[in-house]
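Heads up: the structure comes next, in structure tokens.
Just so you know, all these numbers are worked out from the coordinates, no wet-lab data involved. Computed from a prediction, not measured in an experiment: that's the story for all the values here. Please note: Cβ atoms are built from the backbone with ideal geometry, for glycine as well, and neighbour counts cover all protein chains shown.
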Amino acid sequence: MLAVALAAVALLAPPRPPIVWKPIPFGPARLAETTAYARRHYGIDSNVLHPRAIVEHVTATSSFSSAYGTFAADVPDAELHQLPGTCAHFIIDRDGTIYQLVRLNVMCRHTVGLNWAAIGIEHVGLSDAQVLGDAAQMRSSLALTVWLMARYRIPLADVIGHNESLASPLHKELYAPWRCQTHADWRRADMNVFRAKVVALARTYGLRPGPPPLARATGC
Ligand SMILES: [Zn+2]
């Protein structure tokens, strides 16, 4: 009986989707820059990520290679001029290919205020709507998101769009000029569509990922 029950649980676990490991350079210098960033912005003396949230992004580029090139180059970012260079753990291409660039136990700079706690998933595209309308990309994105949620026990409330970052209870930023900094990718209305699809897929595995995030005042 026990063996049968365990087999049933295993069958219900969301499978790991196919992932192409395409690491960006993340040697000792970039790791040290990441630790310095975490100390400066979060008061954390480490570059180790313990994932508690997932932030969805849109690259605002039309190709995987240009996004990959931006993340691979460890240079100060064009917007905020700090090191390490920006990055994301995953990039999902238009054809649905999932590339992983960074190990999941390493912090990576994709969302001001949340890099200490969040896995970053980029989608190649120019807008939320374009990604939502791309069946192959969405299939991969939902499979990856649900697999990560199950693996790290991340509730739906902590699956957010970049534009929702300031309202996250996990948001933390010690550097005052950046406290209200966010980006326009994945607004709440689009994330609500995305999250409804996450819930539908999670239910097929018998998972109940909880309610969506509350619409909190950010003070910004
Ligand atoms: Zn973003």
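Note down the relative contact order for the chain as a percent, whole number, built from C-alpha pairs under 8 angstrom at least six residues apart.
Working: 411 pairs, mean separation 52.8, N = 220.
Across the chain, relative contact order equals 24 percent.
Can you tell me what the convex hull of the Cα atoms of the chain projects to on average, as an area in nm²?
Numbers: hull surface 49.7 nm².
For the chain, averaging the hull's shadow over all directions gives 12.4 nm².
Among MET149, MET138, PRO177, whose Cα sits farthest toward the positive end of the charge dipole of the chain (+1 at Cβ of Lys/Arg, -1 at Cβ of Asp/Glu, about the Cα centre)?
MET149
Figure the gain on full extension for THR218 and SER65 (residue separation times 0.36 nm, minus the Cα-Cα span) and round it to one decimal in nm. Don't skip to the end; give the middle numbers.
On the way: separation 153, 0.36 × 153 = 55.08 nm, distance 3.47 nm.
Taking 0.36 nm per residue and subtracting the Cα distance, the gain is 51.6 nm.
What's the angle, to the nearest 10 degrees (0 to 90), between helix 28-42's Cα axis and the longest principal axis of the chain?
Relative to the chain, helix 28-42 is tipped by roughly 90 degrees.
Amide H neighbours of GLY125 under 5 Å, counting only residues 5+ apart in sequence or on other chains, H built in-plane at 1.01 Å?
Result for GLY125 returns THR59, ALA60, THR61.
What is the list of residues in region 41-69 whose amide nitrogen lies under 15 Å from a point 7 angstrom out from the Cα of ALA136, following Cα to Cβ?
In region 41-69, the label zone of ALA136 (backbone N under 15 Å from the point 7 Å along Cα→Cβ) covers 63-65.
Rank GLY206, GLY120, GLY27 by mean-square fluctuation in a GNM of the chain with C-alpha springs under 10 angstrom and give only the top-ranked residue.
Comparing GLY206, GLY120, GLY27 in the GNM, the peak value goes to GLY27.
Please arrange ARG103, ARG52 by counting, for each residue, the other beta carbons lying within 10 Å of its beta carbon, fewest first.
Values: ARG103 12, ARG52 17.
Arranged by neighbour count, lowest to highest, ARG103, ARG52 become ARG103, ARG52.
Given an 8 Å cut-off on Cα distances and at least 6 residues of separation, report the relative contact order of region 87-174 as a percent. Intermediate values should be presented prior to the final figure.
Working: 107 pairs, mean separation 26.9, N = 88.
The normalised contact order for region 87-174 reaches 31 percent.
Count the DSSP beta bridges whose two residues both fall in region 1-158, then state the antiparallel fraction as a percent rounded to the nearest 5. It would help to have the intermediate numbers written out before the result.
On the way: 5 of 16 bridges.
Around 30 percent antiparallel, to the nearest 5.
At 222 nm, what helix-only mean residue ellipticity would the chain give, in deg cm²/dmol to the nearest 500, using -39500 (n - 2.57) for each DSSP H run of four or more? Please list the in-between numbers first.
On the way: 6 runs with 75 residues, N = 220.
Using -39500 (n - 2.57) per qualifying helix, the result is -10500 deg cm²/dmol.
If you line up the long axis of helix 188-204 against the longest principal axis of the chain, both from Cα atoms, how many degrees apart are they, to the nearest 10?
Value to nearest ten degrees: 40.
Fewest first, what order do TRP21, TRP186, TRP147 take by the number of other Cβ atoms within 10 Å? Walk me through the intermediate numbers first.
Values: TRP21 8, TRP186 25, TRP147 18.
Exposure proxy ranking, most exposed first: TRP21, TRP147, TRP186.
Could you work out how far the C-alpha centroid of region 15-62 sits from that of region 169-203, in angstrom?
17
Can you give the Rg to Rh ratio of region 16-57, both from alpha-carbon atoms, with Rh computed by the Kirkwood formula? Kindly include the intermediate steps, with their values, before the conclusion.
On the way: Rg = 13.1 Å, Rh = 12.4 Å.
Over the Cα atoms of region 16-57, Rg/Rh equals 1.05.
Taking the beta-carbon count within 10 Å as an exposure proxy, list ASP134, ASP77, ASP95 from fewest neighbours to most.
Values: ASP134 20, ASP77 15, ASP95 11.
Final ranking by Cβ density, sparse to dense: ASP95, ASP77, ASP134.
Starting from the alpha-carbon convex hull of region 164-220, give the projected area averaged over all orientations, in nm².
On the way: hull surface 18.5 nm².
In nm², the orientation-averaged hull projection of region 164-220 is 4.6.
Given a 10 angstrom Cα cut-off, can you work out which residue in ALA118, ALA88, ALA184 is the most mobile in a GNM of the chain?
Per the Cα network of the chain with a 10 Å cutoff, ALA184 tops the list.
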